[in-house]
Amino acid sequence: MEKRDLPIPQNESERLLHLSSFDIDYTSLNDNLKDLNRLAAKVAGTEISLINLIDAYTQWTVGAHGLDLQQMTREESVCQYTIMSDQAFEVPDLSADERFNKNFYVDDPLSLRYYFGLPLNDNGINIGALCVLDTTLKSLSPEKVELLKIIADEIVNRIKVYHTMEAMQQRLSTADQANKKVAHDIRGPLAGIIGLSEMISQQGNSANLNEVLEFIKMIHTGSRSLLDLADEILSNDEQQRPIRENELNLITLKDKLLQLYLPQATYKNIKLDIAINEQNKHVIFSKQKILQVLGNLISNAVKFTPSQGAINVLMDIITGENENLLDITVTDTGVGIEHSRIQQLLSGQGESTKGTSEEKGYGFGLQLVKHLIDKLGGKLAITSETGKGSKFHVQLPQKRS
């Protein structure tokens, strides 16, 4: 089957939005899912089991047993067919199926033959697939298939629990910020009380008003204790405290992006360079949707940049009194975008085109980016010249901790 015939679910836009709502860091789930991976392989009697999530460009393996795999292009994957319906998808022999027999996993050293996949379905939307694979031909009994369905349901439950925990951590972080604001707000009145009590104390000394002095001393002591407590809360240096799971700084964001997307660029012989402003590298900000936005922009740049091209990502934090701005520019030396299509993209529309290596587009990557940036209250600017590359400039507001 040629690349132009690759399968796209009818609800693809809704599917990608639903997947993005989980805001998943694709490097973070393996430890939470490895027991289910082992169980799936045990039930099926196969060498390999994988848990795959499929976004606009990439199949991400977020849980693996028997095979060290992190990602592959969506068009190479078998699971892209599994997410087309709510039924199981089986390939008895990958080497005999023209849709897959030219892909790397069929050749040595993997030499995979058997595939069986079940969609990971949440509220009627397939976000990915649980699959089991083997180097020998197999068949699964109905009883085994039913057990695998139970495991697939539990995988979705685990992902939802993980997302809920992340959301709870975010709310706790917000509460912590609120506490600091309260502490800041009470410092002024407390300082005023202390100043007033000191003045009355001085007057009391001259008037020899012992009872007033004792009363004022109590006010002064209590107010000083409260002021010290407020100072203790405020003195917790936000730049030096440990980064929580739902947070990033420029250093950790750079590391994650290289871990996730350098393999894609290297595979296509493209130089990917990510630079950060060293002066602001420790400023902490929310991880919410950041990897989703940048991941789609970098994957899109890889798709439309030819071999031996370059992609440059520049990241900075613009600090403000009440709000910071995460400032990111993604520049590529790709084929460029026509002005009319830029306007379509900025309006959340636009159709997909083929990449520089004839990669088939699925049509929703940049639409998703625009949607997420709008939801985050950010800004997206695109400049491009046909044949000379494109530049995507993103600014996302971040509340100061």
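Throughout, read-outs are computed from the coordinates displayed, never taken from laboratory work. No experiment lies behind these values; they were computed from the predicted model shown. Quick reminder, even Gly has a Cβ in these numbers, built from the backbone with ideal geometry, and neighbours come from all protein chains shown.
Ranking GLN264, ILE298, LEU346 by how far each Cα lies toward the positive end of the dipole of the stretch 247-399 (charges on Cβ) leaves GLN264 at the top.
Over all other residues within a Cβ to Cβ distance under 9 Å of ARG113, the charged ones net out to -1, with Lys and Arg as +1 and Asp and Glu as -1.
If you take all other residues with their beta carbon under 11 Å from the beta carbon of GLY45, and give Lys and Arg +1 and Asp and Glu -1, the sum is +1. Residues in the stretch 48-90 near a label at SER139, defined as backbone nitrogen under 19 Å from the 7 Å Cα→Cβ point? Taking a point 7 Å out along Cα→Cβ of SER139, the residues of the stretch 48-90 whose backbone N falls under 19 Å are 88-90. Note on the stretch 3-166: with charges restricted to the Cβ of Lys and Arg (+1) and Asp and Glu (-1), its dipole about the Cα centre is near 160 debye. Which value, in debye to the nearest 20, describes the size of the charge dipole of the stretch 247-399 about its Cα centre when Lys and Arg Cβ atoms bear +1, Asp and Glu Cβ atoms bear -1, and nothing else is charged? So the magnitude is around 300 debye. Evaluating 6.51 cos²θ - 1.76 cosθ + 1.60 at θ = phi - 60° for every residue in the stretch 278-294, the Karplus couplings come out as 4, 5, 10, 5, 9, 5, 8, 9, 5, 7, 3, 6, 5, 5, 5, 5, 5 Hz, glycine and proline recorded as x. Amide H to amide H, with H built 1.01 Å from N, GLN71 comes under 5 Å of THR61, counting only residues 5 or more places away or on other chains.
Taking other C-beta atoms within 10 Å as the exposure proxy, VAL161, VAL145 rank VAL161, VAL145 from fewest upward.
Checked against a 25 Å cut-off, the cross-linked pairs LYS379/LYS399; LYS160/LYS375; LYS287/LYS388; LYS271/LYS388 give Cα-Cα distances beyond that limit for LYS287/LYS388.
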